[in-house]
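Here's the structure we're looking at; comments come further down.
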Amino acid sequence: MPLAGTFDSLALTDLLQIVHQSRMSGNLTVSAELEESRLAFREGVLISLVVGDPVRADIRPALLSWGYLSEAQLQRTLESTLRGQPLLAALRSQGLVSAGALRRVQALHAFETAMDLLFQGEGSFHFAPFGSGFRDDDPLPEQELLPAPVDTRELLFEAARRRDEWARIRTVLPHSRVLVQARGCRPPEEAAADPPHSVLRELEGLCWPISVGKLCLRMGGSRFRIHQQLFEAHRQGFVRVDPTASAGMAAVEQLVERGAQLLLGGRAEEALEPLATAMGLEPDHPRAAQLQLRARAELLEALYSALPPAAVPELAGPRLRLAEARLGPREVHLAMRLDGHSSVARLVSSTAFGELETLRLLQRLMDNGLIRLRAASP
């Protein structure tokens, strides 16, 4: 019989405990942080994990952070992928990572992705045993199977170990709607020494505050590691945590007013962040909803004026230029989809990022001189 509910009704760790102890087989769909993840278990063991966001599925940050590749080596594989070779194939063909090590990285990445789900504050789940008629996809497609099953008991043990550390992190970052921003007070040589996918480097590249949840979606990789880095950077004085965003319902009016002022000043993109935070705190707030719709409409109008739906984005130079640019994983993923035939409208409807984020990514690529637009062929 299927099990369904919210994390308030049954914690995900408790559900996994049931799955493990009862040696259950089936599909678990988890919806949290605007993202859907699908996990499959056989006799209580995790055998598959698929996330909808391609950035979350990307193992490149894991290869770097766990020391399997240096930045220079990853650059070589990126150049191969820009020529059309899949990342895993490039790693194998260049002999940079052994088959055994690659399996370990994929298993570690799946472990961390599943671990992140266990500490989501809000969300819902649906577990359906194989053969129940809901998503009856047993056997699973081979490409969705993990190279090595993940012991659910190990997930639960590690979750218990991390609980105290998460409690410390939550004293500073109590929920995903908290706004964070780099203070910009680090010495230049220290900033230059950061790894490419560090949280501080990402924040310093933004000119406006961002919620922790959106930062996690933007960067991909382990949410736990991102929260760890934010906590440590805040402790060292390099990151500002917006107190109004973590003050609960009393802060909603301040957030709405800030969004209104930014919108009045023609800064629709910056206005979206405090308005989205206000909506997260009070989903039925009428003025926040109205201003959010207005900000989104103004931003879409501005983006579509620069990126007409019928125009075709194409690379402005060799693909290898992308390897030299300091792009985030989302920009790289979108740039790799540019085939010289797909229009802006088609890209908007076919990517996993949604209309607004896809247009933002295209605008950033164009601002950096990496893509240009041409008229669609008649």
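Throughout, read-outs are computed from the coordinates displayed, never taken from laboratory work. Everything numeric here is computed off the predicted structure, so don't read it as measured data. Methodologically, a virtual Cβ is constructed for each residue, glycine included, from the backbone with ideal geometry; neighbour enumeration extends over all protein chains shown.
Label-point separation (nm) for His126 and Ile18, each offset 7 Å from Cα along Cα-to-Cβ?
If labels sit at His126 and Ile18, their model points lie 1.6 nm apart.
Work out, step by step, the length gained on full extension between Tyr304 and Ala107: first 0.36 nm times the residue separation, then minus their alpha carbon distance; give nm to one decimal.
66.8 nm
State the Kirkwood hydrodynamic radius of the stretch 312-374 in Å, one decimal place, computed from all pairs of distinct Cα atoms.
Value: 11.5 Å, from the Cα pair sum.
Could you size up the charge dipole of the stretch 286-347 around its Cα centre, putting +1 on the beta carbon of Lys and Arg and -1 on that of Asp and Glu, and report it in debye to the nearest 20?
In debye, rounded to 20, the stretch 286-347 gives about 220.
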